[in-house]
Amino acid sequence: MRLLQPLVISLAMMLSVSYGAQGQPVSPQKPPKPPEDVPDLRTVKPIVVCGNCDQPFDTSTHKEVLEGLVSNKYVGELRKALYLQDTYHQFESKVHFDNCDFDDGIAYIDSLLAEVDRHVTAALAAQDEKDQAAVEASVLNAFFALGQALHGVQDFYAHTNYVELSVGQVKKSTDIDVVSPWKQSGKDRIKELISKGLVSGYVFWGFPQMCPKGTPAHADMAKDKATTPSGAVKVPHLENRNRYQIAVQLAREASQDLIDDAFRKWPLLKEVNGKHMAFEVLVDRRSL
Ligand SMILES: [Zn+2]
């Protein structure tokens, strides 16, 4: 199946391209593969969260804490995963909550958290055997899988119409519920939202494609940046904030929630990494 997949994808892409009067293809072109590099933490605008802490993060110490995280290899591994999902899983709907592939998107995040669990179990076993190198390798793998899950969680807010469906229901943007796709409550909520019109953008080269006919294209729905057609739309009754800012706020809260849950469930991760974690919110390199 792994070998067949690229073939199936290229065949499907050939079939989906339509042709204009002059015989030229009129569908958008498949974008190139995004780069593999991960920018230095000091050159981006990351958020810093304190995982499973009693006190909320003190922003006055932000700069100092961030400096300390620049060379933290666990932070590096989590951020690497956040970026590489766009490079190595460019066409998989489930990885980015594209194409209304909600069931697979949820199952994928579940499978990644199960992977974190396996790596932590292996790390603990290696700890018993005093094999420090093996502990290290397993913990790094755990942070990578956690970063992959984080990417999906953030994409939920950027690639679906959840923000659009929610803004009319609230008086303040902070009243919008955070949906956590890895929790049962989040899964139930997504199911309920689908019956009320939750969709994600249609990506013609992404598979599978599960959207009802007439669903807007990814380019028209995505809120990865303040400059996208949907991201730029301002919401007058929510302090004129734009949808991108609202998507970032929700993705940020959900990310904090995921790190809290991870550090609570797998104390070893907090122990080796330290309580602070820094990462970007809404990384998107697929140039869709
Ligand atoms: Zn993505």
Test: residue in segment 158-167 that is under 26 Å from Ser111 (Cβ atoms), of a type in the set (Phe, Trp, Tyr) and in a loop (DSSP other than H, G, I, E, B)
no
Can you list residue pairs whose Cβ atoms sit under 6 Å apart, with the first residue in segment 67-93 being of a type in the set (Val, Ile, Thr) and the second being within 14 Å of the ligand (Cβ to nearest atom) and modelled with pLDDT under 95? Count only pairs 6 or more apart in sequence or on different chains.
Thr87/Pro34
Unique match (being over 28 Å from Pro32 (Cβ atoms) and not polar (S, T, N, Q)) among Val235, Val283
Val235
Checking the conditions here, which among Phe91, Phe97, Phe102 is modelled with pLDDT under 95 and more than 16 Å from Ala137 (Cβ to Cβ)?
Phe91
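Here is a yes/no grid of residues against (1) within 19 Å of Trp266 (Cβ to Cβ); (2) of a type in the set (Val, Ile, Thr); (3) within 15 Å of the ligand (Cβ to nearest atom); (4) not in a helix (DSSP H, G or I):
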{"position": "Thr121", "(1), (2), (3), (4)": "yes, yes, no, no"}
{"position": "Lys130", "(1), (2), (3), (4)": "no, no, no, yes"}
{"position": "Glu136", "(1), (2), (3), (4)": "yes, no, no, no"}
{"position": "Gln154", "(1), (2), (3), (4)": "no, no, yes, no"}
Are any residues in segment 97-118 within 15 Å of Tyr202 (Cα to Cα) and either out of contact with any Gly (no Cβ under 7 Å at 6 or more places or on another chain) or without any contact (Cβ under 8 Å) to a residue 60 or more places away in the chain (or both), and if so, which ones?
Cys100, Asp101, Phe102
Which residue is surrounded by the most Cβ atoms within 10 Å (Cβ to Cβ), if the candidates are limited to segment 47-81 and must be under 22 Å from Arg264 (Cβ atoms) and within 17 Å of the chain's Cα centre (by Cα)?
Leu78
Looking across segment 156-195 at residues that are within 16 Å of the ligand (Cβ to nearest atom) and hydroxyl-bearing (Ser, Thr, Tyr), the single one that is nearest to the chain's Cα centre (by Cα) is Tyr157
If we only count helices (runs of 4 or more DSSP H) wholly inside segment 209-288, which ones have 1 or more residues that are within 16 Å of the ligand (Cβ to nearest atom) and at pLDDT 95 or above?
218-221, 243-265
How about segment 195-240: which of its residues are surrounded by fewer than 13 Cβ atoms within 10 Å (Cβ to Cβ), out of contact with any Lys or Arg (no Cβ under 8 Å at 6 or more places or on another chain) and without any contact (Cβ under 8 Å) to a residue 40 or more places away in the chain?
Ser195, Lys196, Gly197, Lys213, Gly214, Asp220, Thr227, Pro236
So Asp117, is it crowded, with 21+ Cβ neighbours inside 10 Å and in a helix (DSSP H, G or I):
no
Looking only at helices (runs of 4 or more DSSP H) that lie completely in segment 21-107, which have at least 3 residues being more than 16 Å from the ligand (Cβ to nearest atom) and in contact with a helix residue (DSSP H, G or I) (Cβ under 7 Å, 6 or more places away or on another chain)?
73-88
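The values are calculated or read from the model by the stated rules, or taken from the named source; none is laboratory data. Computed from a prediction, not measured in an experiment: that's the story for all the values here. Heads up, the Cβs are rebuilt from the backbone with ideal geometry, glycines too, and the neighbour counts pull from every protein chain shown.
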